[in-house]
Structure formats: C-alpha cells, structure tokens
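In what follows, a structure is listed as structure tokens, so that the remarks can point back to it.
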Amino acid sequence: MRGVLALVAVVVLLLIVGVATGFINLGQTQEAKLPEVEGGQLPKFDADVGDVDVGTKTETIEVPTIDVDTAKTDASEDKDK
C-alpha cells in the first residue's frame, strides 16, 4: 500500500514540475457550452419555520473551588507533622 501511495505521489509531483517548467502545456482546444433547454420552470417552495426569540438575562452561578496540592507540598506537610 505504501508503495502505491509513493508511486502516486511521485507521478503527481512530476506532473506539477512538468506544468510549472513548461514541459507540459495544457490548453483548451474547444469552448464548452451549456445544453439548450426549451421552456421549464423553477420549483416553488413554501416554508413554515418556527419563531426564535433571542435575548439575555443576568444569572448568578455558584462555581466550585478546587485545591491542588503538588508532591512537594505534600512532602513538606508530612515533615511538619
């Protein structure tokens, strides 16, 4: 699988280098055009959507506190005992 991926990468790299240096020249030889279509009508849609009310309010939230003791802090507390 890696070999195939590497081969594809090399081929793509060679194509990029070839186009960048002018060795490979890609040019459009014929103009494109849309097919001719007679008549027709775009579809119509009815959409019933909900009503959204957006607002803000002030709220007080209790946030928990967290105490973190490092290993050095734990060791120094053990010596104090």
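The values are calculated or read from the model by the stated rules, or taken from the named source; none is laboratory data. A quick note: this is a predicted structure, and the numbers were derived from the prediction, not measured.
So which residues in the range 4-28 are part of a loop (DSSP other than H, G, I, E, B) and not polar (S, T, N, Q), if there are any at all? Full working, then the answer.
Kept after step one, since they are part of a loop (DSSP other than H, G, I, E, B), are these residues of the range 4-28: 22-28.
Selection gives Gly22, Phe23, Ile24, Leu26, Gly27.
If you check Glu31 against the conditions, is it part of a loop (DSSP other than H, G, I, E, B) and either at pLDDT 90 or above or of a type in the set (Gly, Ala, Ser) (or both)?
Numbers: part of a loop (DSSP other than H, G, I, E, B): yes; either at pLDDT 90 or above or of a type in the set (Gly, Ala, Ser) (or both): no.
Spelling it out, it is not the case that Glu31 is part of a loop (DSSP other than H, G, I, E, B) and either at pLDDT 90 or above or of a type in the set (Gly, Ala, Ser) (or both).
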